[in-house]
Amino acid sequence: MKEKPSIVYMLINTQAGKEREVVKEAKKFPGVTEAKVVYGEYDVIVRIELNDFSILSETVTLIRRIPGIVKTATLISA
């Protein structure tokens, strides 16, 4: 039986006015299935599906390097 992919969400704070640029760049990464501007405590939410959980750290690190990102929180779906 094929395992379901792991679902990871990244909540991102950006510099003012950088939200849409961060969304555009985040969508370029493998595994990113969705990236959207949101209102509230965070500015952007990114949904990542990973078949190989061992690459989570690398994927998160690459996304964090996008210019304009100030802070991130990573949530792993149960």
Q: Could you name the lysines whose alpha carbon sits less than 25 Å from that of Lys18, not counting residues in the same chain fewer than 8 places away?
A: Lys27, Lys28, Lys36, Lys71
Q: Sort largest first and round to whole Å: the equivalent ellipsoid semi-axes of the chain, each the square root of five times a Cα gyration tensor eigenvalue.
A: 22, 12, 10
Q: Can you tell me how much longer the chain between Glu58 and Ala16 gets when fully stretched, taken as 0.36 nm per residue apart minus their C-alpha distance, in nm with one decimal?
A: 12.5 nm
**Q.** Total charge dipole magnitude, the chain, about the Cα centre, Cβ charges on Lys, Arg, Asp, Glu only, Debye to nearest 20
**A.** 140
Q) Quick one: if the Förster radius is 25 Å, what FRET efficiency do Thr33 and Val70 give, using the C-beta to C-beta distance and rounding to 0.05? A) 0.60
Q.
Going by amide H atoms built from the backbone, whose H comes under 5 Å of the H on Ala35, apart from near neighbours?
A. Arg47
Q) aspartates and glutamates near Lys24 by alpha-carbon distance under 12 Å, same-chain residues fewer than 8 away left out - which ones? A) Glu34
Q. Taking Cα pairs under 8 Å and at least six residues apart, what relative contact order does the stretch 6-76 come out at, in percent?
A. 49
Q | Rounded FRET efficiency, nearest 0.05, which uses the C-beta distance separating Lys24 from Asn51 and R0 of 30 Å | A | 0.80
Q: Arrange Thr59, Thr33, Thr72 by Cβ neighbour counts within 10 Å, fewest through most, would you?
A: Thr33, Thr72, Thr59
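Rule-based calculations on the coordinates, nothing more; no lab input. Quick caveat: nothing in here was measured; it's all calculated off a predicted structure. Here the Cβ is made from the backbone with ideal geometry for all residues, glycine too, and neighbour counts use every protein chain on show.
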